[in-house]
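Data block below; observations after.
The values are calculated or read from the model by the stated rules, or taken from the named source; none is laboratory data. Note that the coordinates shown come from a computational prediction; the quantities given were computed from them, not determined experimentally. Neighbour counts are summed over all protein chains in view; Cβ atoms, including those assigned to glycine, are modelled from backbone coordinates with ideal geometry.
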Amino acid sequence: MNRRLALKQLAMAAGGLALIPSCDFSEEKVLAAYDELQITESQQQLLQKLVDTIIPKTDLKGATELGVHNFVLVMANDCMSAEEQKQFLGGLKGFDDYTKKTSGTRFTKMDNVEAEKTVNAILEDKPTSDDEMATKYFLQTTKKYTIQGYLNSEYVMTELMPFQLVPGPEFNGKKEIVPGEKVNING
């Protein structure tokens, strides 16, 4: 028996076996960063559009520009209980179909005005079925984390409301706030 040939064939077989798990022929891949949620790329894009609908780009940066959709997913993945995650995922998975059923168009295909009206209508309606409850829970949770992520972003904390650790010698407790002026939220 030739050892070199046997070792070469063993190495080739091991390399081939190592490549087999990486061959994935499924329709959509699950994003690895959110291991508890099992989010797909299309669901992340849906969440990105939803976050952009909640805080759109105006003369200020929008939520999508700041990557707030990733913050929402991280908070849902890391900070929610298993039951809350299940309800969040149920709402996320059914959100596009729910909007198609109620308004005739998928949320990802809507323009910004129509998407905003749809989100407001869902938030104002009282849910009657489990699907509506999951959708409303998903939307409320996404809105909460979107606002939290936006207000705690570097952009807001440095450019819109500059943070000053200690008021220091420039502190003026009687200064009136002028609309449009950058506000130091700490005094």
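Residues that are more than 14 Å from the chain's Cα centre (by Cα) and closer than 15 Å to Leu92 by Cβ within segment 137-155 comprise just one, Tyr137. In this structure, Val51 does satisfy being surrounded by 15 or more Cβ atoms within 10 Å (Cβ to Cβ), part of a helix (DSSP H, G or I), within 15 Å of the chain's Cα centre (by Cα) and among the β-branched types (Val, Ile, Thr). Taken over segment 65-75, residues that are more than 20 Å from Leu37 (Cα to Cα) and surrounded by 14 or more Cβ atoms within 10 Å (Cβ to Cβ) amount to 1. Of all the residues in segment 69-97, those that are out of contact with any Asp or Glu (no Cβ under 9 Å at 6 or more places or on another chain) and not aromatic (Phe, Trp, Tyr) number 15.
If we scan segment 28-42, do we find a residue that is buried (at least 17 other Cβ atoms within 10 Å of the Cβ) and part of a helix (DSSP H, G or I)? Looking for residues that are buried (at least 17 other Cβ atoms within 10 Å of the Cβ) and part of a helix (DSSP H, G or I), one finds none in segment 28-42, hence no. Quick check on segment 111-134: of everything there that is surrounded by 15 or more Cβ atoms within 10 Å (Cβ to Cβ) and β-branched (Val, Ile, Thr), which residue is nearest to the chain's Cα centre (by Cα)? Ranking the qualifying residues of segment 111-134, first place goes to Val119.
Per this entry, Phe71 is not counted among residues that are more than 30 Å from Leu160 (Cα to Cα) and either among the hydrophobic types (A, V, I, L, M, F, W, C) or at pLDDT below 90 (or both).
Any chance segment 162-179 includes a residue that's of a type in the set (A, V, I, L, M), without any contact (Cβ under 8 Å) to a residue 40 or more places away in the chain and under 26 Å from Leu73 (Cβ atoms)?
No: zero hits.
Against the conditions (1) among the acidic types (Asp, Glu); (2) under 21 Å from Ser42 (Cβ atoms); (3) modelled with pLDDT of 90 or more, Asp97 satisfies every one except (3).
The residues in segment 58-72 that are of a type outside the set (S, T, N, Q), out of contact with any Phe, Trp or Tyr (no Cβ under 7 Å at 6 or more places or on another chain) and either within 16 Å of Glu41 (Cα to Cα) or assigned to a helix (DSSP H, G or I) (or both) can be counted, and the count is 2.
Among residues of segment 139-158 that are among the charged types (D, E, K, R), those with a Cβ under 9 angstrom from a residue that is not in a helix (DSSP H, G or I), sequence gap 6+ or separate chain, pair up as Glu154/Leu66. For segment 82-113, residues that are farther than 13 Å from Asp52 by Cα and either in contact with a Leu (Cβ under 9 Å, 6 or more places away or on another chain) or among the charged types (D, E, K, R) (or both) total 16. The residues in segment 66-125 that are without any contact (Cβ under 8 Å) to a residue 12 or more places away in the chain and among the hydroxyl-bearing types (Ser, Thr, Tyr) can be counted, and the count is 2.
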